[in-house]
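Have a look at this one.
The values are calculated or read from the model by the stated rules, or taken from the named source; none is laboratory data. For clarity, every value in this text was computed on a predicted model and none was experimentally measured. Heads up, the Cβs are rebuilt from the backbone with ideal geometry, glycines too, and the neighbour counts pull from every protein chain shown.
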Amino acid sequence: MTTIALVGIDLGKRTFHVHAQDGHSNEVLRRQLNRSQLIRWLANLPPCTVAFESCCGAHWLSWKLREFGHTPRMIDPRRVRPFVSGNKHDFADAQAICEAACRPLIRSIEPKTPDQLALASLHRIREARVAERTACINQTHALLLEFGMGMASSKAMMGALPGIVEDASNLLPSTSRQMLITLYEHYRYLCERINELDALIQARLRDDDLAVRLQEVPGIGPITASALCAEAAQARQCASSRDFAASLGLTPRQHSTGGKTSMRGITKRGDGTLRRLLVQCARILLMRKDQREDAMVQWARRLSARRHTNVVACALAAKLARILWAILVRGQRYAAHPVAVTAA
């Protein structure tokens, strides 16, 4: 009987397409299974490497595979797409997953633990509520602008909305007043839900030593610290702090040819949420740079004198990412470096 060395699975909601290979990359098995059939087949399969794309249900499958003694390899779908040969179908995707898993330069994504996955899901839900609240504010601003009330689209506008509705001197018809009341109530509902999610995140971080050490870094708050705790496995996969900053897309994109080096904007690779949070933390530090006198803020102040604010924010975010990598991987604590005093 031929020994199966590598299995590629194209994940689906109800059906799973399996492509198995031996140690010489020869096809051994190609089969379509449902969820229960897949679990029984994997439980009876001798230990081997099982590869699949990182999508919905991938973390659950990783936990099951480790229970069965297999080695899971979760791969970014963008790395799998170039290996699809011919027409795209489910078995071709499973075969492409095997091809990508055989390449040593393609990294695997470390599966999250159930607690990390729950924390990441909490952040995704909060981001959706914040985006919905922003859309509600923009709808209200557009409606008021149609009737000649040009107000800034902000939370202050929403706070003044009840007074606008009750003001009989404006040209708002009764239908628009009812819509504004509905938008205001929906805005209040979203604010309550976001506050509840913030309270859950802060309660989750009180007993977490890693989150406490992360918040010792200047500019890092509860939201960023909890997001980093959820993505701690990504930091452990990086060999150095520079690799971690590069994995978040905070390093310059290189486009060189003919021996001429050309460095452009940041790559924007990896997790966009972590990158956005770190850039926001960097902007907060730049806004409060006059209140701090450590070496990192002095470096940012010198850089601000000759570069654009956006460039300085991305550079400071990359520096924060390197500091956070040392805390996540090496278990260190943040210690601010004092400014060196030079003699006149």
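Out of G270, G265, report the one residue that is surrounded by fewer than 19 Cβ atoms within 10 Å (Cβ to Cβ) and in contact with a strand residue (DSSP E or B) (Cβ under 7 Å, 6 or more places away or on another chain). Spell out the reasoning first.
Working: G270 fails: in contact with a strand residue (DSSP E or B) (Cβ under 7 Å, 6 or more places away or on another chain).
The match here is G265.
Any residue in the stretch 45-64 that is outside the structural domain of H19 (by TED's automatic domain parsing) and of a type outside the set (A, V, I, L, M, F, W, C) sitting within a Cβ distance under 9 Å of a residue that is in a helix (DSSP H, G or I) and surrounded by 20 or more Cβ atoms within 10 Å (Cβ to Cβ)? List the pairs, counting only those 6 or more apart or interchain.
Close Cβ pairs satisfying both conditions: none exist.
Looking for something surrounded by fewer than 16 Cβ atoms within 10 Å (Cβ to Cβ), without any contact (Cβ under 8 Å) to a residue 60 or more places away in the chain and of a type in the set (K, R) - is there at least one such residue anywhere in the stretch 149-168?
Checked against the condition, which is being surrounded by fewer than 16 Cβ atoms within 10 Å (Cβ to Cβ), without any contact (Cβ under 8 Å) to a residue 60 or more places away in the chain and of a type in the set (K, R), the stretch 149-168 yields at least one hit.
Same structure, new question: Does L303 meet the test of being outside any strand (DSSP E or B) and in contact with a Ser or Thr (Cβ under 9 Å, 6 or more places away or on another chain)? Walk me through how you get there before you give the answer.
Numbers: outside any strand (DSSP E or B): yes; in contact with a Ser or Thr (Cβ under 9 Å, 6 or more places away or on another chain): no.
Spelling it out, it is not the case that L303 is outside any strand (DSSP E or B) and in contact with a Ser or Thr (Cβ under 9 Å, 6 or more places away or on another chain).
If A203 passes every condition in (1) in contact (Cβ under 8 Å) with a residue 40 or more places away in the chain; (2) surrounded by fewer than 17 Cβ atoms within 10 Å (Cβ to Cβ) but one, which one does it miss?
(1)
May I pose another question? Cβ-Cβ below 6 Å, separation at least six or inter-chain, first residue in the stretch 293-308 and more than 12 Å from A282 (Cβ to Cβ), second assigned to a helix (DSSP H, G or I): which pairs?
R301/K289
Can we say G249 is more than 30 Å from R107 (Cα to Cα), within 20 Å of the chain's Cα centre (by Cα) and buried (at least 18 other Cβ atoms within 10 Å of the Cβ)?
On the way: more than 30 Å from R107 (Cα to Cα): no; within 20 Å of the chain's Cα centre (by Cα): yes; buried (at least 18 other Cβ atoms within 10 Å of the Cβ): yes.
The answer is no for G249.
List the strands (runs of 3 or more DSSP E) inside the stretch 25-140, counting only whole elements, that have at least 2 residues being polar (S, T, N, Q). Even if it seems obvious, please write down each step before you answer.
Working: elements: 27-34, 49-53, 71-75.
Counting at least 2 such residues, we get 27-34.
For the stretch 164-208, name all the residues that are under 24 Å from the mean Cα position of the chain (by Cα), under 29 Å from G150 (Cβ atoms) and assigned to a loop (DSSP other than H, G, I, E, B).
none
Would you confirm whether or not the stretch 326-333 contains a residue that is assigned to a helix (DSSP H, G or I), within 27 Å of A233 (Cα to Cα), under 19 Å from the mean Cα position of the chain (by Cα) and at pLDDT below 90?
No, the stretch 326-333 contains no residue that is assigned to a helix (DSSP H, G or I), within 27 Å of A233 (Cα to Cα), under 19 Å from the mean Cα position of the chain (by Cα) and at pLDDT below 90.
Under 8 Å between Cβ atoms, at least 6 apart or on separate chains: pull out the pairs that start in the stretch 91-116 with a residue that is farther than 15 Å from R81 by Cβ and of a type in the set (F, W, Y) and end on any residue that is modelled with pLDDT of 90 or more and loosely packed, with under 15 Cβ neighbours inside 10 Å.
Taking only residues 6 or more apart or on different chains, the pairs are F91/R30.
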